[in-house]
1. List the extent of the Cα atoms of the chain along each of their three principal axes, largest first, rounded to whole Å.
2. Where q = 0.20, 0.23, 0.28 Å⁻¹, what log10 of I(q)/I(0) comes from the Debye formula for the range 173-251, counting one point per Cα?
3. So who's got an amide H within less than 5 Å of the one on residue 234, skipping anything under 5 residues away but keeping other chains? H placed 1.01 Å off N, in plane.
4. Amide H neighbours of residue 38 under 5 Å, at least 5 residues apart or on other chains, H built in the peptide plane: list them.
5. May I ask for the net charge around residue 271, where only other residues with Cβ less than 11 Å from the Cβ of residue 271 are counted and Lys, Arg are +1 while Asp, Glu are -1?
6. Can you work out the FRET efficiency for the pair residue 242 and residue 142, with r the C-beta to C-beta distance and R0 = 35 Å, to the nearest 0.05?
7. Distances over 19 Å make up what percent of all Cα-Cα pairs in the range 3-142?
8. Taking the Cα centre of the range 2-228 as the origin, how large is its charge dipole in debye, to the nearest 20, when only Lys and Arg (+1) and Asp and Glu (-1) carry charge on their Cβ atoms?
Amino acid sequence: MKILDVKNVKTSFYTHLGEVQAVRGVTFDLEEGDVLGIVGESGSGKSVTSLSVMNLIEEPGRIKEGEIWFNGVDLTKLDNREMSQYRGDKIAMIFQDPMTSLNPVYSIKNQMIEVIRRHTDLTKSEALKRAKELLTLVGIPDPELQIYDFPHQFSGGMRQRALIATAISCNPTLLIADEPTTALDVTIQAQILELLKSIQDKTKMSIILITHDLGVIAELSTHVIVMYGGLIMEKGTVEDVFYRHQHPYTKGLYKSIPKSTKKSKERLVPIEGSPPDLMNPPKGCPFSPRCPHTMKICLEKQAPLFRISSSHTSACWLQHEEAPEVEGFTRIKGAN
């Protein structure tokens, strides 16, 4: 069953220098129980997309166009009071930086209990019991004592676990994890990913996982969206995007990953150039200045999402039936 349907969402920030078009027409959906990975470089529009879903875009930004349907309700039509009935209850979010997401002057106990009591009918003692159970679930040692600690007394990994515990405290239908392993060391990253995977297996909640790390995406996701310049460049199943990627940007991301299976030494291949200026986005494909296969039409018009298979689409003119043949790109008969 489809629980989230995002249709042509455009989100901009209106600064004194002009309009920054952070998200320029994003469309995707999410099925119940699926994990959708959104990947791309910094500034590609990943986090703004997630904040748009949560309806947390603040001035000087706003969602200027599009629809975000969650279980039959268009969230873009709700005011802040109405939206508060969804946030934390039906839709929860794990933010990037656990230190700034937790209030330093309140204990972990107070912050967790506040969320639980706001969205449930539990008493204060019942909420405390629930909070301790959640801290145990996410692997916090000795939760009976540590629940009374303050955020600065937790390590980075423990703070992230506390945020995850708070996010799932009301059994949300949808969990948005915005770079949940950023700034954590590799060992803690693996533990956090394993924790999210375990929670998803137990609760069957849908997850949107946002990251710039393709390895993280491969670990958890069932479907993947590749974003660049505020647009979707490619989307499909994990197998589609990892093993049959068809957009030059996705290929560039894949080539820049260290391959631990390679026996011989191999240089990483960086993507030359810089991301586009979204205050003055290019007329055509935003990746065209950095793409090794740029054609005249790429500079003039953004490609539609060409259908490669029933689950796989790519916004690249090289997949058009009249485009020149390039090794590694699949030919199709038409576009969506």
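What follows draws every value from the coordinates through simple rules; no lab data is involved. Being a predicted model, the structure only gives us computed values, none of them experimental. Counting neighbours? That spans all protein chains shown, and the Cβs are built from the backbone with ideal geometry, glycine included.
1. 68, 52, 41
2. Those come out to -0.95, -1.16, -1.38, one per q.
3. 226, 315
4. Long-range HN contacts for residue 38: 209, 210, 211, 225.
5. Details: positive: 251, 255, 290; negative: 41, 272.
That sum, taken over residues with Cβ under 11 Å, equals +1.
6. Details: r = 40 Å, r/R0 = 1.13.
Here the calculated transfer efficiency is 0.30.
7. Details: 5946 of 9730 pairs.
Tail of the P(r) past 19 Å holds 61 percent of the pairs.
8. On the way: 23 positive and 30 negative charges, 91 e Å.
The dipole of the range 2-228 has a size of about 440 debye.
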